[in-house]
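Just below is one structure, and these are the notes that go with it.
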Amino acid sequence: MTSTSLRRHKATGTLVVLGALLATGVGYAAVTSVAEASAPATAASATLVEEGRQLYLEGCATCHGLGAQGINDGSSYGPSLIGVGAAAVDFQVATGRMPLAAPANQAPRKPPVYTPEQIEALAAYVASLGPGPAIPTEDQYDSSDADLAEGGELFRTNCAQCHNAAGKGGALSEGRYAPTLMNATPKEIYEAMLTGPQNMPNFPDSTMPEEQKQAIIAFVEHLQSGDSPGGFALGSLGPVTEGVFIWTAGLGLLLAAAVWIGAKVR
Amino acid sequence: MSIIVNEAGKAISRADQRMPISSLLKANMRKIFPDHWSFMLGEIALYSFIILMLTGVYLTVWFKPSMAEIIYAGSYEPLVGIHMSEAYASTLDISFEVRGGLLIRQIHHWAALFFMAAMIVHMFRIFFTGAFRKPRELNWVIGASMFLIVLLEGFAGYSLPDDLLSGVGVRIVAGIVEAIPVVGTYLMFFIFGGEFPGNDFISRLYTFHVLLMPGILLALIGIHLVLIFYHKHTQYPGAGRTNTNVVGYPLFPVYVAKAGGFFFVVFGVTTLIAALVTINPVWNYGPYVPDQVTAGSQPDWYIGFLDGMLRAMPNWETVIGSYTISWNIFLPGVVMPGILTFALILYPFIEGWITGDEREHHILDRPRNRPVRTGIGAAVIAFYGILVINGANDVIAITFNLSINQLIWFTRIGIFVVPPLVFWATHRFCIGLQRRDREKLLHGYESGEVLRLPHGEFIEIHKPISDEEKAVILAKEAIAPLPAPPETDENGVATPGLRGKRLRARLSRLYFGDDVATPTPAEIAEAEHHAHELHDHEVAELESAGKDVPANLP
């Protein structure tokens, strides 16, 4: 076979294109993986995406569609996941909100169904569909240098109207709600602000820079510490539980005393 | 020793020559008061007021009623460097810097909740037992006025710290004032010294809270107590108790000891609660900023029913030209509270007019013997309860996984459906109890002793009730409903005011028409004649079978 015949072989074009694609893909993956992690991860991330795709098809495609393009046909609904980013997947799946146990106004927090490795694979697959916020790194949500008081001010301005000033959560319309923040981790809080899950608006870095997010995380951690200078906090739910307390325990004690004092001595 | 006694005696006699102390004491220290635990509910309110005055004075020493903006530099780290009013900053200082300040603040606030709760329970005791009837109508009016003043007083105190929670409440009040047609906006500007929030309302509210309203309350409490003294205390029916006597113990020493002790019980319980349980953690809420709000913003519980009305109201508005009447705020915020206030204050006169009762009453009614009044009271509790629930609907929704919209619809429908049902059920229940009373009086109570007759029949032995119980049941007054007015008098002249009189007769029939008659003395004598636990033929049967006839037969 001459070189000419090789060039003229009918499979040549296809092979060249395939070869070029492979070279570009591997090269691109190598370049990007240098930025992200070490070289062995290159091969791993390709398999990770594939592993994620398998998990996706088993657990998520029923609602979100085979291509993650979303379904909204009246009988079932799942939003498109193209471009939501790894952070959204990590938040929804690691907090157990996804997969949904049953259709509801809102996905409740529950023990996660997937292992951390599986969540990583799912996140890698969804991230591969389109550009979106990545999972934040530890130093992004590290609040150790943040300003606590500024965090409080930001929290009251941006968060308290739904999550309550003490982070205890609050009701929204039609059975929806802003959940309590008492068991949210710094990573989850950061991801939630970044991606705006469910009814929550999102706070991208353009409107709320990283330091402000860290300050808010610092304030939520302060709320979580449960520090209550005044004694039992009655759930920090405000005057409602205070009223319940005075009508039950409080008045109960005084009425018991009144009955005791008013009792006839025999 | 004798020198001290002599000197003390001289001092007293010197004072007595100038003021009639000993004769006053002599006349009043042995005054008799009846004994019952429910007569102490008002005392809880009175003692809470004393605790509020004592702790309030302590708080005024450090509280700064000023809306001047400062930067917080105290010891509560999460707020350091935040802009806030002096009022809020000084509340934080009272909580974190002043020795005992947080405890005193919490005693003050818990005592306020006790004050309102005790007043409500006390008022229902007065209501259900008919203690507001002649000659005590005026004291009811005074008590109801105090209740309304304390409602405002409590809200003022809740608002003074100028925290985010109370600021939202003040904003709602500003909105309610604005909703009054025509004058609303002017009135709001007048109260707040300009646009909301302005720089004035904390200092103005402060004057009302620490000076004006406590002063009025003090005066009214004085009159309230003097009237109790003057009218003598009512008593529950019982053996030996009549409308013209008071059976009980003397003020000194019995009630001086009991009431004095109870004051310390109330103070002790309030302090214990304040030491253990947080109330109004203002540091959680942050300073009031008009563009901030916290989920679960609530008023203190006693304002909750007003908030509940506001939350339940559909969004009705009328636009006339460029002018809007906000019925959605005006009706639940102004009109309904006004109607409820009048109904509360005027109830004794309304009932008096309906029943045509002009006699003095010193023996209390048993609630079952006035089914309509008891039914009204129960319906009011249901009405109030639904509104309180709706006032807390967001907290209930998040706590019990409910929909806030469903809770609002429950309120909108329930507020019209539930109170009438409660009225009807309570009314029936009272009449059932009246019938049981009559039964007990005529046939005794079911003793639980079951006897088997020789021919196999089982019968339960009824025994006569005690004389005390008889006296309680017999104390019920039989009141006939007013007769329907004649359309014309004997000369054929139409009765003046026929419509009003007809309405009155109809209402009177509602009040007393279902009354179960108390047995007459003749009926009781007749029943006693037949009051064998066993019928004659049953006794004969036992005797012929050679069995023992129970010894307790009359």
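The values are calculated or read from the model by the stated rules, or taken from the named source; none is laboratory data. These figures come from a predicted structure and were not determined experimentally. When we count neighbours, we look across all protein chains shown, and the Cβ atoms used for this are built from the backbone with ideal geometry, even at glycine.
In the range A:152-173, the count of residues that are more than 8 Å from chain B (Cβ to nearest Cβ), surrounded by fewer than 19 Cβ atoms within 10 Å (Cβ to Cβ) and on the phi > 0 side of the Ramachandran plot is zero.
Does residue B:352 fit the bill of being away from every other protein chain (no Cβ under 14 Å) and closer than 30 Å to residue A:235 by Cα? Here the answer is no, as residue B:352 does not meet what is asked. Scan (1) more than 14 Å from chain A (Cβ to nearest Cβ); (2) over 28 Å from the mean Cα position of the chain (by Cα); (3) touching a residue at least 24 places away in the same chain (Cβ under 8 Å) for the single condition residue B:164 breaks and write down its number. So the condition that residue B:164 fails would be (1). Scanning the range B:256-281 for residues that are modelled with pLDDT under 95 and more than 10 Å from chain A (Cβ to nearest Cβ), we see that the one that is nearest to residue B:470 (Cα to Cα) is B:256. Of all residues assigned to the range B:147-155, at least one qualifies as being under 30 Å from residue B:243 (Cβ atoms) and either crowded, with 19+ Cβ neighbours inside 10 Å or at pLDDT 95 or above (or both). Between A:181, A:148, the distinction of being closer than 30 Å to residue B:71 by Cα, under 18 Å from the mean Cα position of the chain (by Cα) and in contact (Cβ under 8 Å) with a residue 40 or more places away in the chain belongs to A:181 only. Of the helices (runs of 4 or more DSSP H) lying entirely inside the range B:453-533, those carrying at least 2 residues that are under 23 Å from residue B:129 (Cα atoms) are B:467-474, B:498-512. Remark: pairs (first residue in the range B:290-302, under 13 Å from residue B:166 (Cβ atoms); second residue among the polar types (S, T, N, Q) and buried (at least 24 other Cβ atoms within 10 Å of the Cβ); Cβ separation under 6 Å; 6+ apart in sequence or on different chains) = B:294/A:164. In this structure, residue A:220 does satisfy being of a type in the set (Val, Ile, Thr), surrounded by 14 or more Cβ atoms within 10 Å (Cβ to Cβ) and more than 7 Å from chain B (Cβ to nearest Cβ). Which ones in the range B:285-300 are at the interface with chain A (Cβ under 7 Å from one of its Cβ atoms), in a loop (DSSP other than H, G, I, E, B) and within 11 Å of residue A:165 (Cβ to Cβ)? If the condition is that a residue be at the interface with chain A (Cβ under 7 Å from one of its Cβ atoms), in a loop (DSSP other than H, G, I, E, B) and within 11 Å of residue A:165 (Cβ to Cβ), then B:286, B:292, B:293, B:294, B:295, B:296 are the ones that fit. Being of a type in the set (S, T, N, Q) and either in contact (Cβ under 8 Å) with a residue 40 or more places away in the chain or touching a His at 6+ places or on another chain (Cβ under 7 Å) (or both) is the filter here; which residues of the range B:168-206 pass it? Answer for the range B:168-206, where residues must be of a type in the set (S, T, N, Q) and either in contact (Cβ under 8 Å) with a residue 40 or more places away in the chain or touching a His at 6+ places or on another chain (Cβ under 7 Å) (or both): B:199, B:203.
Number of residues in the range A:236-262 that are surrounded by fewer than 15 Cβ atoms within 10 Å (Cβ to Cβ) and more than 7 Å from every other protein chain (Cβ to nearest Cβ): the value is 5.
Only one of the numbered conditions (1) within 14 Å of chain B (Cβ to nearest Cβ); (2) in contact (Cβ under 8 Å) with a residue 60 or more places away in the chain; (3) touching a Gly at 6+ places or on another chain (Cβ under 7 Å) is not met by residue A:133, and that is (1).
The set of residues in the range B:384-405 that are without any contact (Cβ under 8 Å) to a residue 60 or more places away in the chain and surrounded by fewer than 21 Cβ atoms within 10 Å (Cβ to Cβ) comprises B:385, B:396, B:399, B:400, B:401, B:402, B:403, B:405.
Could you please let me know if residue B:84 is more than 30 Å from residue A:223 (Cβ to Cβ) and in the same structural domain as residue B:233 (by TED's automatic domain parsing)? It is false that residue B:84 is more than 30 Å from residue A:223 (Cβ to Cβ) and in the same structural domain as residue B:233 (by TED's automatic domain parsing).
Annotation: residue B:51 fulfils all but one of (1) within 14 Å of chain A (Cβ to nearest Cβ); (2) farther than 14 Å from residue B:262 by Cα; (3) touching a Ser or Thr at 6+ places or on another chain (Cβ under 7 Å); the unmet one is (2).
Is it true that some residue in the range A:178-187 is outside any loop (DSSP other than H, G, I, E, B) and either more than 13 Å from chain B (Cβ to nearest Cβ) or within 16 Å of residue A:90 (Cα to Cα) (or both)? Yes: one or more hits.
Of all positions in the range B:134-147, none carries a residue that is under 30 Å from residue B:95 (Cβ atoms) and free of Cβ contacts under 8 Å to residues at least 40 places away in the same chain.
Could you tell me whether any residue of the range B:222-230 is surrounded by 14 or more Cβ atoms within 10 Å (Cβ to Cβ), part of a loop (DSSP other than H, G, I, E, B) and of a type in the set (A, V, I, L, M)? No: zero hits.
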